[in-house]
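J.: My structure is below; once you've seen it, I'll send some questions.
The values are calculated or read from the model by the stated rules, or taken from the named source; none is laboratory data. Keep in mind the model is a prediction, meaning the values are calculated, not measured. Using ideal geometry, Cβ is built from the backbone for each residue, glycine included, and neighbour counts are taken over all protein chains shown. Ligands, DNA and RNA are excluded from the accessible area calculation, which covers all protein heavy atoms including side chains. Shrake-Rupley method; radii C 1.70, N 1.55, O 1.52, S 1.80 Å.
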Amino acid sequence: EAGVVQSPRYKIIEKKQPVAFWCNPISGHNTLYWYLQNLGQGPELLIRYENEEAVDDSQLPKDRFSAERLKGVDSTLKIQPAELGDSAVYLCASSLSGTNSEQYFGPGTRLTVT
Amino acid sequence: AQRVTQPEKLLSVFKGAPVELKCNYSYSGSPELFWYVQYSRQRLQLLLRHISRESIKGFTADLNKGETSFHLKKPFAQEEDSAMYYCALSQLTDKLIFGTGTRLQVFP
C-alpha cells in the first residue's frame, strides 16, 4: 500500500503564475483533506471532502485557491495567481468516513514562490 | 475559539531521561485529542489518541479536563524518539486543529 500519494513533491514558481497540486488518497477512503503548513507552524485545514462534496471550505481563500474532487477519488488543489506568501508545504490526507477516523497524511508538496 | 498551544518549540534531553511534551487546549465542548509525530524525512502520522488510552512506543498522554491539558510523556527517552511532535484537537466534524509543534531531540 503506497499510502496517500502527492505530486509534485517540490515546486518552484514565480509570483503571479498558476500552480496545481495533485493527491491520490488511500483506496476506500471517502474523506480527503487539504492542509497548508507554513514554516514553524502546524498544519491548517484548507478544505475537506466527503466523496466529491466539499463539506468544509471555510478556510480556503477562494479568490485565488480552488479545489476539486470530481469522481470522489483523487483531488487537485490550484492556486492562481500565486503570491510570495503562498510558499509553504501543502499536505493531503485521507480517512475513512466517520467521526474522528484516523487521518493518513501524504508526503506533502513544498511550494516556493519567488 | 478552539486553540491548541504547545509552549515549547524545542525540547532536548539525553537518552534515558524522562520526557514531557506539553499541550494545552481551549475548546468549549468535549474534545478529542491526538498526538501526531513526524520523523525525519517521513510523513506526519498518528502517534496516539486519548480515547484509546493506550501506550504507543512507550508514550502515554492523559487528558486533564480541569487543566485543559494533554501532555505527552515517556519515562525513558530513546534516540529514535527524536522527531517533531504535534498535538491536535478534533471537533465533531473531523476538523483537526494542530498546535505549532515541539521538536524533541534525544542526545546519546
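J.: Just to confirm my numbers, what's the Cα centroid distance between the range A:79-114 and the range B:1-32 in Å?
T.: 23 Å
J.: Leaving ligands, DNA and RNA out of it, report the carbon-plus-sulfur percent of the accessible area of the protein assembly as shown at a 1.4 Å probe.
T.: 49 percent
J.: Let me ask something additional. Only bridges with both residues in chain A count here: give the DSSP antiparallel percent, nearest 5.
T.: Percentage antiparallel, nearest 5: 90.
J.: Ranked highest first by the average count of other Cβ atoms within 10 Å around their residues, in what order do B:14-20, A:64-70, B:33-39 fall?
T.: My ranking of the peptides, most packed first, is B:33-39, A:64-70, B:14-20.
J.: Oh, and also: Compute the accessible area per residue over the range B:3-107, keeping the other protein chains in place, probe 1.4 Å, unit Å².
T.: I get 50 Å² per residue for the range B:3-107.
J.: In a shell of Cβ-Cβ distance under 13 Å around A:Val89, excluding A:Val89 itself, what net charge do Lys and Arg (+1) and Asp and Glu (-1) give?
T.: +2
J.: Only counting protein heavy atoms at a 1.4 Å probe, give the residues of the range A:77-114, ordered by number, whose accessible area falls by 20 Å² or more when the other protein chains are present relative to the chain alone.
T.: Correct list: A:Thr99, A:Asn100, A:Glu102, A:Gln103, A:Phe105, A:Pro107.
J.: Am I reading the A/B interface right? What is its buried accessible area, both sides, 1.4 Å probe, to the nearest 100 Å²?
T.: 1700 Å²
J.: When ligands, DNA and RNA are left out and all protein chains stay put, how many square angstrom of accessible area per residue does the range A:5-99 have with a 1.4 Å probe?
T.: Accessible area per residue: 51 Å².
J.: For chain B, what are Rg and Dmax over the alpha carbons, in angstrom?
T.: Cα radius of gyration and Dmax of chain B are 13.2, 42 Å respectively.
J.: In whole angstrom, and with the biggest value first, how far do the Cα coordinates of the protein assembly as shown range along each principal axis?
T.: Cα extents, longest axis first: 49, 36, 35 Å.
J.: Related question: Which of the trypsin sites (Lys or Arg not before Pro) found in the range A:1-45 are loop residues per DSSP with 15 or fewer other Cβ atoms within 10 Å of their Cβ?
T.: A:Arg9, A:Lys15, A:Lys16
J.: For the range B:48-65 and the range A:1-76, compute the distance between their C-alpha centroids and round to whole Å.
T.: About 29 Å separates the Cα centre of the range B:48-65 from the one of the range A:1-76.
J.: Follow-up question, since we're still on this one. Show me the trypsin sites (Lys or Arg not before Pro) within the range B:35-108 that DSSP assigns to loop and that have at most 15 other Cβ atoms within 10 Å of their Cβ.
T.: B:Arg41, B:Arg53, B:Lys57, B:Lys65
J.: Another question, then. Cut-off under 15 Å on the C-alpha distance; same-chain residues fewer than 8 positions from A:Lys16 excluded. Which aspartates and glutamates are left, in chain and number order?
T.: Once the sequence-local aspartates and glutamates are set aside, what remains near A:Lys16 is A:Asp63, A:Glu83, A:Asp86.
J.: Which is farthest toward the positive dipole end of the range A:5-99 among A:His29, A:Leu77, A:Ser7, measuring Cα position about the Cα centre, with Cβ charges +1 (Lys, Arg) and -1 (Asp, Glu)?
T.: A:Ser7
J.: A further question on this structure: Can you pull out the GluC sites (Glu not before Pro) in the range A:9-60 that DSSP calls coil and that have at most 11 other Cβ atoms within 10 Å?
T.: Those satisfying the criteria are A:Glu14.
J.: What is chain A's relative contact order, in percent, from Cα pairs under 8 angstrom and six or more apart in sequence?
T.: Relative contact order comes out at 37 percent.
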